[in-house]
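Colleague: There's a structure below that I have some questions on.
The values are calculated or read from the model by the stated rules, or taken from the named source; none is laboratory data. Quick caveat: nothing in here was measured; it's all calculated off a predicted structure. Quick reminder, even Gly has a Cβ in these numbers, built from the backbone with ideal geometry, and neighbours come from all protein chains shown.
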Amino acid sequence: MGFRFIFIAVIFLLIEAYAYQAFKTLIKPRWLLVSYIFVSIFLFAYLVYSFTQFDRSEGQTRHTMFVMAMMLLVYVPKIIVTIILLGEDIFRLGASFVNYFMYNAPRSEMMPNRRKFISQVALGLAAVPFLSLIYGIFEGKYNFKVIKQTVFFPDLPDAFDGFKITQISDVHSGSFDNAEKINYAIDLINEQDTDMILFTGDIVNTHATEMHPWLETFNRIKGYKYGKFAVLGNHDYGEYVTWPTQALKNENFEGIKSLYGQIGFDLLLNEHRYVEKDGSKIALVGVENWGNNFKQAGDLNKASQQVNQDDFKILMSHDPSHWEYEIKEHPKNFHLTFSGHTHGMQFGIEIPGYFKWSLAEYIYKQWAGLYENQGRYVYVNRGFGFHAYPGRVGIMPEITVIELKKGKNVT
């Protein structure tokens, strides 16, 4: 613990030192530099104090999200400055060796001076994530996007050719702070002309009570001819806080499960339903959360025990790592899986149809959008809400519309 604390302290001191160097290169008035030092010390002390006061029995709150936002706003730009100036110092150090050993330069002239231009570039680049994070907090987190995708299957029953499904995921209702924006998102859901809606988990951050102010709002989601179905996500189990007793944790879990019913969704707990249309049917299978590094309550075999091998199967599983580790090679052939969980890390770059990047891709092989393996597909929803960082940059909140078509997928 002592070594870890010292290591972290050294890293933060290094970051602060380089950030100060950048400002010192560009700002000459002493009072501004002194003000910068005092503000930096105050913010660092505030962040350290806030993290040490985190209440494990309460979990995420508006205050903890504010603290996370402050930490990102303060240190992401400073880290960028540090990387650039550290790179310049490596270059300066190399130049000093060349000057000394090859040109016999005097010690006073060995090390080139720090260039003002490099500091200007560093601060300019640091302004990009700073402004982006601010945008994400005030606008991005409620910038809902409807993303439509068509998926082809040669063995889709004819009656379901053109069948449309809406998906939402990762609501995290305890993070909401704007009823007008959430009502707008519900209107977007209702505007989609689809046959069924699926909700792939994480209705709250931790506590069932988080959803209580939003029950009326989510009850505005219209009825669907072929049903409203849901599964649990990892946050729905109340695993990330310390509970006074197991009985209170169990009570909260029962309360969370009942929330789905209170907003009109049929919660599938390692079970399945058949959806019938014009004399044909498809199997809808729903498992509890199964994550590679999270709770593994999902039981795919139990959920599909009475599902026939030749049935067309749609699966709901909150965490896409389940698809990677078990579903995509499962002998029962699950045609299409709906997942969420990743949020796309709520930060990334995405140009629809051309390019997408997020830190999430270094954690999950499938993290946003549609993926395929030997004719089996998983769609990973980018999430409806937000968690930890109270914003979204580049990876916007999503309402998905999937259309099933009979035939071969065109690549």
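Colleague: If you take the residues of the range 309-318 that are in contact with a Lys or Arg (Cβ under 9 Å, 6 or more places away or on another chain) and either in a loop (DSSP other than H, G, I, E, B) or not assigned by TED's automatic domain parsing to the domain that holds Q296 (or both), which of them is nearest to V380 (Cα to Cα)?
Modeller: Among residues in the range 309-318 that are in contact with a Lys or Arg (Cβ under 9 Å, 6 or more places away or on another chain) and either in a loop (DSSP other than H, G, I, E, B) or not assigned by TED's automatic domain parsing to the domain that holds Q296 (or both), the one nearest to V380 (Cα to Cα) is F312.
Colleague: Output the residues belonging to the range 254-283 that are closer than 23 Å to D299 by Cβ and part of a strand (DSSP E or B).
Modeller: Listed by number, the residues that qualify are D266, L267, E271, H272, R273, Y274, V275, K281, I282, A283.
Colleague: Condition (residue is in a loop (DSSP other than H, G, I, E, B), among the polar types (S, T, N, Q) and under 22 Å from the mean Cα position of the chain (by Cα)) applied to the range 291-301: is it met by at least one residue?
Modeller: yes
Colleague: Among the residues of the range 319-338, is there at least one that is of a type in the set (A, V, I, L, M) and either assigned to a strand (DSSP E or B) or within 25 Å of D161 (Cβ to Cβ) (or both)?
Modeller: Yes, the range 319-338 contains at least one residue that is of a type in the set (A, V, I, L, M) and either assigned to a strand (DSSP E or B) or within 25 Å of D161 (Cβ to Cβ) (or both).
Colleague: Restricting to the range 239-262, what's the tally of residues that are touching a Phe, Trp or Tyr at 6+ places or on another chain (Cβ under 8 Å), surrounded by fewer than 21 Cβ atoms within 10 Å (Cβ to Cβ) and of a type outside the set (D, E, K, R)?
Modeller: Of the residues in that region, 2 qualify.
Colleague: Also, quick follow-up: For the range 132-141, does any single residue satisfy the condition of being more than 16 Å from I395 (Cβ to Cβ), modelled with pLDDT of 95 or more, surrounded by 14 or more Cβ atoms within 10 Å (Cβ to Cβ) and out of contact with any His (no Cβ under 6 Å at 6 or more places or on another chain)?
Modeller: yes
Colleague: Would you check if there is a residue in the range 314-329 being over 24 Å from the mean Cα position of the chain (by Cα), under 23 Å from P157 (Cα atoms) and free of Cβ contacts under 8 Å to residues at least 60 places away in the same chain?
Modeller: Yes, there is a match, as at least one residue in the range 314-329 is over 24 Å from the mean Cα position of the chain (by Cα), under 23 Å from P157 (Cα atoms) and free of Cβ contacts under 8 Å to residues at least 60 places away in the same chain.
Colleague: If you go through the range 98-119 one residue at a time, do you hit one that is out of contact with any Lys or Arg (no Cβ under 6 Å at 6 or more places or on another chain), surrounded by 15 or more Cβ atoms within 10 Å (Cβ to Cβ), outside any loop (DSSP other than H, G, I, E, B) and at pLDDT 80 or above?
Modeller: Among the residues of the range 98-119, at least one is out of contact with any Lys or Arg (no Cβ under 6 Å at 6 or more places or on another chain), surrounded by 15 or more Cβ atoms within 10 Å (Cβ to Cβ), outside any loop (DSSP other than H, G, I, E, B) and at pLDDT 80 or above, which makes the answer yes.
Colleague: Separate question: Does S173 satisfy the criteria of being crowded, with 16+ Cβ neighbours inside 10 Å and modelled with pLDDT under 95?
Modeller: So S173 does not fit the description; no.
Colleague: For the range 177-186, does any single residue satisfy the condition of being more than 27 Å from F66 (Cβ to Cβ), touching a residue at least 24 places away in the same chain (Cβ under 8 Å), part of a loop (DSSP other than H, G, I, E, B) and polar (S, T, N, Q)?
Modeller: no
Colleague: Okay, moving on. Residue check: is F338 more than 22 Å from the chain's Cα centre (by Cα) and closer than 14 Å to D202 by Cβ?
Modeller: Judged against the criteria, F338 is not a match.
Colleague: Restricting attention to the range 22-48, which residues are outside any helix (DSSP H, G or I) and surrounded by fewer than 12 Cβ atoms within 10 Å (Cβ to Cβ)?
Modeller: Correct list: K28, P29.
Colleague: OK, next. Looking for whichever is closer than 28 Å to D311 by Cβ, touching a Lys or Arg at 6+ places or on another chain (Cβ under 8 Å), of a type in the set (S, T, N, Q) and surrounded by 17 or more Cβ atoms within 10 Å (Cβ to Cβ) here; the options are T200, T194, T150. Which one fits?
Modeller: Within the list T200, T194, T150, the selection yields T194.
Colleague: Let me ask something else about it. Return the residue satisfying two criteria in turn: it lies in the range 191-216 and is acidic (D, E) and in a helix (DSSP H, G or I), and of such residues it is farthest from S321 (Cα to Cα).
Modeller: E216
Conditions (1) among the acidic types (D, E); (2) farther than 17 Å from I197 by Cα; (3) at pLDDT 95 or above; (4) surrounded by 22 or more Cβ atoms within 10 Å (Cβ to Cβ), marked per residue:
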site: A368; (1), (2), (3), (4): no, yes, yes, yes
site: V378; (1), (2), (3), (4): no, no, yes, yes
site: E398; (1), (2), (3), (4): yes, no, yes, yes
site: L404; (1), (2), (3), (4): no, no, yes, yes
site: K408; (1), (2), (3), (4): no, yes, no, no
site: T411; (1), (2), (3), (4): no, yes, no, no
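Colleague: Could you tell me whether F51 is in a helix (DSSP H, G or I) and in contact with a helix residue (DSSP H, G or I) (Cβ under 9 Å, 6 or more places away or on another chain)?
Modeller: yes
Colleague: Kindly list, by first and then second residue, each pair from a residue in the range 152-164 that is aliphatic (A, V, I, L, M) to a residue that is in a loop (DSSP other than H, G, I, E, B), limited to pairs with Cβ atoms under 7 Å and residues at least 6 apart or on different chains.
Modeller: Pairs found: L156/F312; A159/D278; A159/G279.
Colleague: Now, a different point. Considering only the range 346-360, state which residues are part of a strand (DSSP E or B) and either surrounded by 18 or more Cβ atoms within 10 Å (Cβ to Cβ) or in contact (Cβ under 8 Å) with a residue 12 or more places away in the chain (or both).
Modeller: F347, G348, I349, E350, K356, S358
Colleague: Is it true that some residue in the range 66-84 is at pLDDT below 90 and surrounded by 14 or more Cβ atoms within 10 Å (Cβ to Cβ)?
Modeller: Checking the range 66-84: not a single residue is at pLDDT below 90 and surrounded by 14 or more Cβ atoms within 10 Å (Cβ to Cβ).
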